[in-house]
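As structure tokens, the structure follows; a few thoughts come after it.
The values are calculated or read from the model by the stated rules, or taken from the named source; none is laboratory data. For clarity, every value in this text was computed on a predicted model and none was experimentally measured. Heads up, the Cβs are rebuilt from the backbone with ideal geometry, glycines too, and the neighbour counts pull from every protein chain shown.
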Amino acid sequence: MTHLAEKAFLGSLMKSEYLLKDTVVQPGQLESTRHQALMRKMVEYQLAGKHIDLITLTTLPNLESFGGMSYLSELITHADLEKFESIEKLLLDLWKEREKRSILTLASVNDWEIERVSGELDKISHLQMDNHTSIQRALMTIYEAPWENLPLNNGISTGFKELDEITGGFQEGEVTIIAARPSMGKTDVMLHFAKVIGWAGYLPLIFSLEMPEKLVTSRLVASTGGFNRGKMRDPKQRLSQRQKDSWAAILGNLTHTNIQIFDGAGQTIPEIRANTRKMIHQYPQRKPVVFIDYLSLIHTGHTKGGNPHQQITEVSKSLKTMAKDFNCPVICLAQLNRSVESRADKRPMMSDIRESGSVEQDADVILFLYRERYYDKSSMNFSLDFIISKNRNGPVGTVSVKYNEHTGEIVEKNESDLPQASDARDEEIDKQEGN
């Protein structure tokens with residue numbers, strides 16, 4: 001199959017030599033050494049201003065090494081200009097497979113580290129050639145738009161109507177940064193989004209670089225069941241009988257989210273990409289959504305003492321590339337620096353993000369989290385504010401939701417009961433039951 005495809009490719013180049021300037025296939029990506037040498041000669045002739053048709057190629061000084069006049073004539077018979085793009089793609093796919101096998105062989109012989117193997121395979125897998133769209137093709141996709149009932153929000157819902165209205169939800173190929181001071185509620189927000197997205201039929205992939213899987217799972221159970229997180233340290237002793245009775249249903253409900261947790265410390269972008277790709281193959285019916293906790297903990301592979309700004313810049317750009325390559329949303333948490341604490345107005349701003357320049361440039365959406373009770377424990381304001389400071393494809397603004405810092409529950413503002421109130425009821429029931 002490879003040999004025939006290469007014949008069709010070279011024959012097409014000879015028949016319509018303009019294709020040589022446009023093709024994305026390089027001589028070294030052909031399998032046959034004879035075909036590689038012939039294509040190099042074609043490139044050489046074209047650069048010299050010569051034609052690469054059958055007549056000109058018959059003047060090659062060592063014509064017999066290319067199969068002679070008869071072989072060049074045979075190549076012409078295999079030309080297929082209508083299927084040229086498909087032939088290019090086939091040749092690249094076959095080359096990728098050969099390269100992958102070669103990399104695995106080298107890795108085995110030279111005992112490469114898994115990170116290097118993953119990185120090299122990733123480079124091959126994501127070499128793209130189909131990134132071109134003509135205006136005619138682009139316009140055809142929206143030709144019926146004025147007469148079609150298109151959904152108002154084609155993104156993945158955040159679970160909050162007002163936030164969806166402003167941001168459009170999480171969009172494929174986009175990076176969302178959720179930034180806040182420590183203990184403001186970043187992880188609870190991430191887990192809430194992951195649950196909502198999972199229940200909606202997507203595949204939430206959580207890369208927890210700081211918190212171990214057991215603690216992530218514990219938080220998921222607490223927020224879903226409305227349990228005070230302190231009780232999760234010893235459920236047998238601390239949960240009320242009513243809470244124990246609901247335990248199985250809560251776990252069953254969480255099972256349906258299909259959340260996947262990767263909790264290795266110091267994970268790199270190539271490792272995150274490799275695991276994402278593995279999950280895509282394992283769950284082909286579910287669209288992935290990547291969550292990373294958090295930005296500055298992503299390992300770049302550089303030795304200690306490297307420039308932090310350069311490292312964050314590298315990671316930030318890699319996140320955007322990953323979102324585009326996998327055509328999925330990437331949601332990454334980020335810490336704010338201490339400068340916010342020195343201001344009278346504690347509401348965060350863009351400059352509060354550590355190494356903010358590259359993050360601000362690469363992110364499509366930036367959400368800051370702010371809670372009044374974080375700074376004033378006596379406040380009865382249980383709101384959590386999403387401050388939308390950057391929205392590449394829409395407006396900015398602020399959306400408030402209700403947040404229970406004890407359980408991690410987050411609900412819409414218009415829901416009748418405050419999460420704090422439900423937690424207080426549980427505590428009162430516990431006292432009555434003697435727990």
For this session: Please go through segment 42-76 and pick out each residue that is touching a residue at least 24 places away in the same chain (Cβ under 8 Å) and within 45 Å of the chain's Cα centre (by Cα).
Result: Met42, Gln46, Ile52, Leu75, Ile76
Problem set entry | Filter result for the condition that a residue is at pLDDT 80 or above and over 17 Å from the mean Cα position of the chain (by Cα), over Thr187, Thr176, Thr133 | Thr187
Exercise. Which condition number does Lys96 fail, the rest of (1) under 34 Å from the mean Cα position of the chain (by Cα); (2) surrounded by 15 or more Cβ atoms within 10 Å (Cβ to Cβ); (3) over 30 Å from Thr268 (Cα atoms) being met?
Worked result: (3)
Seminar exercise, completed: Taking segment 1-41 and keeping residues free of Cβ contacts under 8 Å to residues at least 60 places away in the same chain and basic (Lys, Arg) leaves Lys21, Arg34, Arg40, Lys41
Seminar exercise, completed: segment 326-435: strands (runs of 3 or more DSSP E) wholly inside it with 2 or more residues that are of a type in the set (Phe, Trp, Tyr) and modelled with pLDDT of 90 or more are 365-370
Problem set entry | Of residues in segment 370-393 being buried (at least 16 other Cβ atoms within 10 Å of the Cβ) and in contact with a Lys or Arg (Cβ under 6 Å, 6 or more places away or on another chain), the one farthest from Asn414 (Cα to Cα) | Tyr370
Exercise. Mind checking which pairs have a first residue in segment 226-255 that is over 21 Å from Lys195 (Cβ atoms) and in the same structural domain as Ala194 (by TED's automatic domain parsing) and a second that is surrounded by 10 or more Cβ atoms within 10 Å (Cβ to Cβ) and among the aromatic types (Phe, Trp, Tyr), Cβ under 9 Å, 6 or more apart or different chains?
Worked result: Arg238/Phe227
Exercise. What about Ser12, is it out of contact with any strand residue (DSSP E or B) (no Cβ under 8 Å at 6 or more places or on another chain) and surrounded by fewer than 18 Cβ atoms within 10 Å (Cβ to Cβ)?
Worked result: no
Exercise. Would a scan of segment 149-163 turn up a residue that is of a type in the set (A, V, I, L, M, F, W, C) and modelled with pLDDT under 90?
Worked result: yes
Exercise. If only one of Asp293, Asp245, Asp263 is touching a Leu at 6+ places or on another chain (Cβ under 7 Å), at pLDDT 80 or above and closer than 22 Å to Val221 by Cβ, which one is it?
Worked result: Asp293
For this session: Kindly indicate which of Ile103, Ile87 is modelled with pLDDT under 90 and surrounded by 13 or more Cβ atoms within 10 Å (Cβ to Cβ).
Result: Ile103
Problem set entry | Residues being within 28 Å of Val175 (Cβ to Cβ) and either small (Gly, Ala, Ser) or without any contact (Cβ under 8 Å) to a residue 24 or more places away in the chain (or both) - total across segment 362-384 | 2
